[in-house]
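S.K.: Quick one: structure below, then a few questions.
The values are calculated or read from the model by the stated rules, or taken from the named source; none is laboratory data. If you're wondering where the values come from, they're calculated on a predicted model, not measured in any experiment. Cβ placement follows ideal geometry from the backbone for every residue including glycine, while neighbour counts extend to all protein chains displayed. For accessibility, only protein heavy atoms count, side chains too; no ligands or nucleic acids. Shrake-Rupley method; radii C 1.70, N 1.55, O 1.52, S 1.80 Å.
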Amino acid sequence: MLPGVQVGQPVAHRLAYLWRAPAWGRPLLVERSSWDRCRRGLSIEGNDVVEFFEATLNWPSWLAWTAVALIQCFLLINLVAGGALFFIWLERKVAGRIQDRLGPTRVGGKFGWLQTLADGIKLLAKEDIVPKEADPFLFRMAPYVSFTASFCGWLALPFADNWVGQRLNVAVFFIVAIVGLEVFGVILAGYASGSKWSLFGAMREAAQVVSYEVPLGLCIVVPVMIAGSMDLVTIGNKQAGYFTNWFIFHDPAAFVVFWVYFTCAVASVNRAPFDLAEAESELVAGFHTEYSGLRWSFFFMAEYGSMLLVSALAAILFFGGWHGPFPIISQGLVPALAAMTGASVDSPVLVYLANLAGCANLIFKAVIGVTVMMWVRWTLPRLRIDQVLTTCLKYCVPLAALCFLAEVWFQLYPHTNPMPLNRLQWGAPRASIEVREGWLPLSPVSPDDVQEAQLTHSQEHRG
Amino acid sequence: MATRLEDPRVVEFDVRTDEMLVNMGPQHPSTHGVLRLVLRTDGEVVSEVQPHIGYLHRCAEKIGENLTPRQWIPYTDRMDYLAGMNMNLGWSLTVEKLLRYELPEKARHLRVIICELGRIASHLVGMGAYGLDLGTFSPFLYAFREREKILDLFEEACGARLTYSYICPGGATADLPKGWLQKCEKFLDEFAPVIDEYHALLTTNAIFIKRTAGIGILPAEMAIDYGCSGPVLRGSGVDFDLRRDGEPRYTSMYDGYAFEVVVQKDGHYPRDHKYPPVPKEAVLGDCWHRFYVRMLEVVQSMDLVRQGIEFYSRSKGDWGTPIKLNQKLPKGEAYLETEAPRGQMGFYIVSDGSSIPWRVRARSSSFCNLSVVSELCRGCLIADVPAIVGSLDIVMGEIDR
Amino acid sequence: MSGPILLDRLKAQFGDKITGANLEAIDPWIEVAPEGLVEVCQYLKTQDDLQFNFLNCITAVDYFEPDPKKAAKVEWKPHIELVYHLSSTVKKHTLVLKVILPRWKDDVPGQLPEVPSVTSVWKTANWHEREVYDLSGVRFIGHPDLRRILCPEDWVGHPLRKDYEMPLEYHGIRGR
Amino acid sequence: MTPWLGPITVSHYLTVGAVLFVAGVVCMAVKRNALGVLMGVELVLNGANVNFVAFGSPLLRSTSLGIDGQLLALFVIVLAAAEAAVALAIALNFYNNFATIDVDRADELKG
Amino acid sequence: MIGAVIDWSAFLFYLFAAVACGFALAVVLSNHIVHMAFYLTLALGATAGLFLLTGSQFVGAMQFMIYVGGTLVLLVFGVMLTAQHRFVSIRTRAGEWITAAVLGGALLMLLGYVAWAVPDWHAAPPAHVPPEQVESTSRLGLALTGVRMDGGSGYALPFVIVSVHLLVVLIGAGYLARARVRVSDAAARKEMP
């Protein structure tokens, strides 16, 4: 008997449960007050790796937690740094192809795989210059502030069902807030450089990012409303099944708001056509005019890290996250493999495999998002600062607000939703009515329905 | 804010921030060489722009007083180094005017072909670099891809890719090689569809229009008053092109050629029906119109090259004989302006009867076109400065000489 | 408007301020006295049938032979000629004006000769006059901003003068 | 029980809050730069917020304020943002009129 | 003993507390206004960390977003708009320092005493807390709209008041720092204060 499935539940639901993988992590059985508080302060779920260290290796609890934290940090920082390496190479390749040339071809073989690494070594060898007019302390701190902010967002981003550095129940909000912090490093850099061009860059960045946070916040509310949760793991899991379940196809408001989100995300990570802070034809190099070597590359790592972060966030909020377009590509692997091998659907190996596939899905979607950003960058001219702000205040904000209101409408009157694909809920179990956290049933329903819904709800909560 | 910015009297806005003097250049990614613009800014609003030139001054005129006219030709190459052929032509015609030399028919058509190709090549750089000024890189490389093909043709004709010294007083240094005309026609056939790409990437691009339409408006009277010429003048709606309105010695070069001056008349460009429509936001004399005139002139030049190829292959005789290196010059003086890609390029030669001129003078179009920049940039935003300077399409080699 | 008629008309209008002409030259020219320059230019620009609204170029030609042997053979006295090339974008005709100036004001070497500025007539004269001032050493009276334009502000001498010698040193850089 | 070795309690948070509060008050008192004073105000508000949140946390005390603590903290944050906007506008206006941001020189009562 | 057991919960608290208090002091002691803003950012960021530790995740994220991301950027913006070199550091007189230190020390002692005065406030925390109680975001949202699950009163009225207040502030701030156009006429320039 599968956990969480009761006798007497409709067969369809029991079958449908197969589509959803059991969570990799399950609540800890042993209560240890201090750990528990710490954990519950920051996270909801327990951690199987900790359990493994504690139970199998007999490590003390604090050591297990420390080891897990270090492993997670190691993985994430490698993802960001390695991502920057890859994306800089990709950017040069994409730019090259768009511009009818080859891009890097020599270092590391035919495709110039190692070009970025070679550049990185060159940057390391460069002289570290602090201008005479600069404020040395802030000048040195600024790149790290930027990079830290960009990196911190990754802590709350899930890569697959429950594969997350720190599961927060306000993860979406947290990530958007953290992405906004990157601007602080840029402003400090611009101010501390003691160069007029840098100051211009910093001023523009401040004005731009502060204003683009408004529509960005409005945009993420729409998928949050559809999912009824700010927890990214829950949001991702609500889109299980076929691609028709993705939130971008949920209703017209969500479809429109994705484009607004994408525009605002491009603006808030400072990519062309909104890269005014470093507009090379106007401000020399904007806020990083005076930077060289490793410090400069930290800004770049932050930029590419943020690009990947907002793309991954878009993938989770609108494109099903770790769920492939067909269930077989991600979570559907579990029952498929189980049927083939005869293993239990609960087998950790299968779940692990499915999560690995989900992780690949998510990263693939995020890379597509980043590639589109590159495509945009190498195609469009740059906007002027007043036009950037006009775009934000005159188009993005009203559009996002309108979508927000439309989404409220579709939540209240779901039958008016003109995108019927989504109502079929192919390949994913859904109760006929969901009781959401904090949402009250809005239409009279039979007590049976409510009970069933609560059942599904409690299952979701357990994993 | 935008409507107020257009008021020329407005120089600053509160919050009171102190004015800042910023050097744009001489080393700056958008100044087209070593131009230094001193901006007086209040926040993002530029209240005054003061161009400082001379960083590339090489005393070309003084050198001209010590060399014979043929020896000075390489120095003309280095004036507008993006259109060396047209510079050669201007100087050659001036010397021929002083010598009262009559050119053979074939040389005339050869010069038309070469100079119009030079105009295309130059406008391609102007277009690509303008995209670069506005923050888009790809059109630049698309433009250079085509420009390289023209340079290949030039290389085949004269052996050089940038500083040609091909056209010289008396004709050209050599005839066009065998098979060159076919290659040239092939290039034109390949090039024609590419222009649509440029229109898609720039001319009709919404952001491009936002950045250029209504920016840096140069009224016709001001353009004439400041001696602006070429696409800058025609972009302001002044119907003036030396190929049609110049001296007979120059216009006779184009005898028999059919072309229309690219200028907006009654709200229409000559080729309006075939090319992207003028956007609503565009005002005659703004950056967009200057850019558009250049784009249409590329097409016009392609037509002229095609006609030139036909005339050239029909005409008999030789391509002219270059004058002797130390040809004695008659006493007197001659001034001639030609329509170079960037405007009216004038050369003035004074001779005292020896083979070395007494005085040589080059009147460059970019020099006058740049002088208007402080008028255009008053009250604009910092981001508009590269847009305006780029739309004037200056070459510092020509300004500083 | 052909040369002789225009010349007669200018002579009738300005009298002795039109000091000479050569209508047989390749580019026929009319010589104007410095004091009458601005009036004549204003007249040429504003008359409906003339409309010389386009100042192409201002050139200074230094007539001076530094080599004494050759200097004995020349038929002119040392002087500076300012050449104004005008044209009209409306009437599509051209005109050359000349102004003859002494090489030095009051024949004191170092005192630049003076001529009224035509900036009030054509704005483009601004930069052209600055260039002439910079390279040939002619002072334009009434110019709003007469500074060097191509040479550095602290440069000594006017390079297009025939007796100009490159300085031996400029800020530690060897000149010749 | 020494405060260092025992579990973290509300009192620990209150101590942090007290330090922030006092730092803010001192900052308001000694800084002559208007923006410095503003920063002091932010610190004071944060000290208060730490207290609200600590009292409201169910992890620290079983008889906690509950979500009221967090709600009050939210209101404080939002109002602090509003206050910062107004104060900044005043500071800019002040700077416009006096070309300085030294509050000690704002003792004359004129616009 | 640290070698034997690191209590991460306590360790994180002490870390964030030290950062918050340390940089708060740095704000007070620094004379450089931009450095002050930078220190303040770190102090407030660490405070957000403290909020997360108490389980108030929404407030923590809010602190990041509004305080650190919004208010402080605004503040630095203001600093850059107004601070020329001569205004960057305005020194405080020594007498002021002494008075402030004495009064501040007294206040700190008083508050410290109060913090530890009530035994219930430093009694051992509950060993087991059901997760529903920690997870409070949806309850916060409902409370702001006036619905309370636990029987307390809702916050609809304060919420509306704050919203209106924010609107008024927005307009007011915009009015105070509005763009006044100055014209290049010399006469108009003279009339300006």
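S.K.: Quick check on my link table: of C:K17/C:K45; B:K97/B:K186; B:K328/C:K98; B:K62/B:K331, which ones sit more than 23 Å apart, alpha carbon to alpha carbon?
M.R.: As for pairs spanning more than 23 Å Cα to Cα, those are B:K97/B:K186; B:K328/C:K98.
S.K.: Let me ask something else about it. Can you list the lysines whose alpha carbon sits under 27 Å from that of A:K93, skipping same-chain ones fewer than 8 residues off?
M.R.: Correct list for A:K93: A:K110, A:K122, A:K126, A:K365, B:K149.
S.K.: Let me ask something additional. Could you tell me whether the range C:66-129 comes out rounded, prolate or oblate from its Cα gyration tensor? Rule is a ≥ b ≥ c as square roots of the eigenvalues, rounded for a/c under 1.5, then prolate if a/b exceeds b/c, otherwise oblate.
M.R.: Verdict is oblate for the range C:66-129.
S.K.: List the GluC sites (Glu not before Pro) within the range B:125-165 that fall in a DSSP loop (any state other than H, G, I, E or B) and whose Cβ has at most 14 other Cβ atoms within 10 Å.
M.R.: none
S.K.: Would you check the accessible area of B:R401, probe 1.4 Å, heavy atoms only, in square angstrom rounded to 10?
M.R.: Accessible area, nearest 10 Å²: 10 Å².
S.K.: Using DSSP to define loop residues, name the GluC sites (Glu not before Pro) in the range C:102-170 whose beta-carbon has at most 16 other beta-carbon atoms within 10 Å.
M.R.: Numbers: sites: C:E114, C:E129, C:E131, C:E153, C:E165, C:E169; in loops: C:E153, C:E165.
Filter output for the range C:102-170: C:E153, C:E165.
S.K.: I would also like to ask the following. Using only DSSP helix segments of four residues or longer, with each worth -39500 (n - 2.57), what per-residue ellipticity at 222 nm results for chain C after dividing by its residue count and rounding to 500?
M.R.: Theoretical 222 nm ellipticity from helices: -6500 deg cm²/dmol.
S.K.: How large is the Rg to Rh ratio of the protein assembly as shown when both quantities use alpha carbon positions and Rh follows Kirkwood? Could you put the intermediate results ahead of the total?
M.R.: Numbers: Rg = 38.0 Å, Rh = 35.8 Å.
In the protein assembly as shown, Rg relative to Rh is 1.06.
S.K.: With θ set to phi - 60° and the Karplus curve 6.51 cos²θ - 1.76 cosθ + 1.60, what are the ³J(HN,Hα) couplings of the range C:118-123 in order, to the nearest whole Hz, using x for Gly and Pro?
M.R.: So the Karplus estimates, Gly and Pro as x, are 9, 4, 5, 8, 10, 5 Hz.
S.K.: Can I ask one more? Given a Förster distance of 56 angstrom, what is the FRET efficiency for C:E31 paired with B:E197, based on the Cβ-Cβ distance and rounded to 0.05?
M.R.: Step by step, r from the Cβ atoms, then E = 0.50.
S.K.: Could you go through the range B:351-358 in sequence order and give the Karplus-derived ³J(HN,Hα) for each residue, using 6.51 cos²θ - 1.76 cosθ + 1.60 with θ = phi - 60°, rounded to whole Hz, and x for Gly and Pro?
M.R.: Running phi through 6.51 cos²θ - 1.76 cosθ + 1.60 with θ = phi - 60° gives 10, 9, x, 8, 7, 9, x, 6 Hz.
S.K.: Okay, next question. Given the -39500 (n - 2.57) contribution per DSSP H run of 4+ residues, what per-residue ellipticity at 222 nm results for chain B, rounded to the nearest 500 deg cm²/dmol?
M.R.: -13500 deg cm²/dmol
S.K.: Hey, another quick one. Using amide H atoms built 1.01 Å from N in the peptide plane, name the residues 5+ places from A:R382, or on other chains, whose amide H lies under 5 Å from its own.
M.R.: Residues meeting the criterion, in which the H sits 1.01 Å from N, are B:G135, B:T136.
S.K.: May I pose another question? When the scattering of the range B:232-324 is computed by the Debye formula from its Cα atoms alone, each counted once and equally, what is log10 I(q)/I(0) at q = 0.12, 0.20 Å⁻¹?
M.R.: -0.48, -1.01
S.K.: Excluding D:G40 itself, calculate the net charge of residues whose Cβ lies under 14 Å from the Cβ of D:G40, where each Lys or Arg counts +1 and each Asp or Glu counts -1. Walk me through the numbers on the way to the answer.
M.R.: Numbers: positive: D:K31, D:R32; negative: D:E42, D:E83, E:E96.
With Lys, Arg at +1 and Asp, Glu at -1, the net is -1.
S.K.: Then there is this: By how many nm would the segment from A:L102 to A:L356 grow when fully extended, if each residue of separation counts as 0.36 nm and the alpha-carbon distance is taken off?
M.R.: 88.1 nm
S.K.: Something else: Given labels modelled 7 Å from the Cα in the Cβ direction, how far is it in nm from C:V74 to B:M20?
M.R.: 5.3 nm
S.K.: Now for a separate question. Give a residue-ordered list of calculated ³J(HN,Hα) values for the range B:165-175 (Karplus: 6.51 cos²θ - 1.76 cosθ + 1.60, θ = phi - 60°; whole Hz; x for Gly, Pro).
M.R.: Running phi through 6.51 cos²θ - 1.76 cosθ + 1.60 with θ = phi - 60° gives 6, 8, 7, 9, x, x, x, 9, 6, 7, 7 Hz.
S.K.: While we're here: Mean separation of Cα pairs under 8 Å and 6+ residues apart, divided by the residue count of chain B: what relative contact order is that in percent?
M.R.: 28 percent
S.K.: Once you average over the residues of C:118-130, how many Cβ atoms of partner chains fall within 10 Å of each Cβ?
M.R.: Taking all residues of C:118-130 together, the mean is 4.
S.K.: Over the protein assembly as shown, what is the percentage of antiparallel beta bridges among all DSSP beta bridges, to the nearest 5?
M.R.: 90 percent
S.K.: Decide, for the range D:10-102, between rounded, prolate and oblate: order the square roots of the alpha carbon gyration tensor eigenvalues as a ≥ b ≥ c, take rounded if a/c falls under 1.5, and otherwise choose prolate if a/b is larger than b/c, else oblate.
M.R.: Here the range D:10-102 falls in the oblate category.
S.K.: With a 1.4 Å probe and all protein chains kept in place, how much accessible area does C:R9 have, in Å² rounded to the nearest 10?
M.R.: Accessible surface of C:R9 is approximately 60 Å².
S.K.: Keeping all protein chains in the complex and leaving out DNA, RNA and ligands, what accessible area do you get for C:W104 with a 1.4 Å probe, in Å² to the nearest 10?
M.R.: Its accessible surface works out to 50 Å², give or take rounding.
S.K.: If you don't mind, there's one more thing I want to ask. Suppose all protein chains stay in the model; what accessible area per residue would a 1.4 Å probe give for the protein assembly as shown, in Å²?
M.R.: Accessible surface, normalised per residue, equals 39 Å².
S.K.: Place a point 7 Å from Cα of B:K331 in the direction of its Cβ. Which residues in the range C:53-85 have their backbone N less than 11 Å from it?
M.R.: Output list for this probe position: C:74-76.
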